[in-house]
Amino acid sequence: MRVLLPVLVSVLAILWVRSKLDFGQVWSVLQKMHWQGLVIHGLVMLVGLVLRALSFSAIMGKRFSKMASFHGMNAGYLLNNILPFRLGEFGRAGLLASYAGQDVSFLEVFGAIITERTLDLVIGVVFFLVGLFLIETSIVPVWIAWLALVLLLAFMVLVTLGAKHRTALIARWRERHAGRAFMQKKLLPWLSDLLKGFDVFLQPGKLALAGFLLLLSWFAAFMELYMLQTELMTGAQWWWPFVVLTAGVFINALPSAPSGIGVYEFGVVWAYTMLGADAAEGLAIALVMHVYQFVIPSVLGLIGIYALGENLSNLVTQARVAQKESAGAEQD
């Protein structure tokens, strides 16, 4: 079921997209692309990746160089592109922790990655809300986006309190579960390391810098989509990327085949059709963006893995082991 369910989601998404259009029309739209536009699109995407790496570097502080953060981030994207279940985040944390040696633990890095993802989602939901307010007819109930924002902010408050009172919290749990060896030797040390990864919430300056850099990376992504709209779509509005990009990102979080095949295209085409755009033009844009999102981070990730002293086979194994250990800890 763990293997077949994501594949089934991707297949259903592909069938839905296929039912909405003729691929001959999509090819006609793609032929409008010029090589200059493809180069500029790739450069803008690279700027966005650099900004995201700088954001993570701001969260981690001096424990990793900016280049190591960049390599680790792209290695995580590579694993997400070739493996199911979002194993890239586990592989990224393991790679950076191994690179740092004894200076930082796996779960501390993983906590920092969760921090980055949380900030990323908050920014995405805010932009999605802006897009919904600009739409004359709502494509989804606005309260769903507001609920997502409230839950994300509540999570940020919760982990901030956990990081602030980490020592007292761990001591209290040690006392309460004094007779449970697994709790004492495994779970509580894991929890302590994870909460260390949220320390940036106690440092407003670093948190603001990380959030600002992520915001700039979103603007780079919006610029990518806007340029593609200008080249491939007729009648597109400047603010449509606020809705389309965030819809593609959020729907791509569903369990699916590696790299979100089919699911990403479904999200983008669905958003564009809800906005009144042509489905063939929407799919052409989705395909161009998805190819770039697969190729560029994957190539950079492969370089990054070896730059950090690891190889792809070992990293895949580490990611799977880390994911299984995490699942086992949750069950215990």
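Legend: translational diffusion of the chain by Stokes-Einstein, Rh = Kirkwood radius over C-alpha pairs, 20 °C, 1.002 mPa s; D = 102 µm²/s.
Spherically averaged projected area of the convex hull of Cα atoms, region 82-132: 4.6 nm². Using helices alone, I'd like the mean residue ellipticity at 222 nm for the chain: each DSSP H run of four-plus residues gives -39500 (n - 2.57), total over residue count, nearest 500. Value at 222 nm, helices only, nearest 500: -26000 deg cm²/dmol.
Of the cross-linked pairs LYS62/LYS185; LYS164/LYS185; LYS66/LYS185, those separated by over 27 Å at the C-alpha level are LYS62/LYS185; LYS66/LYS185.
Under the convention that each Lys and Arg Cβ holds +1 and each Asp and Glu Cβ holds -1, the size of the dipole of the chain around its Cα centre is about 1140 debye.
Work out the charge dipole of region 4-331 with +1 on the Cβ of Lys and Arg and -1 on the Cβ of Asp and Glu about the Cα centre, then indicate which of GLY301, ALA163, TYR226 is farthest towards its positive end. Of GLY301, ALA163, TYR226, it is ALA163.
Values quoted throughout were computed directly from the atomic coordinates according to the rules given, and no laboratory measurement underlies them. All values derive from a computational prediction rather than experimental measurement. Note: ideal-geometry Cβ built from the backbone for every residue, glycine included; neighbour counts use all protein chains shown.
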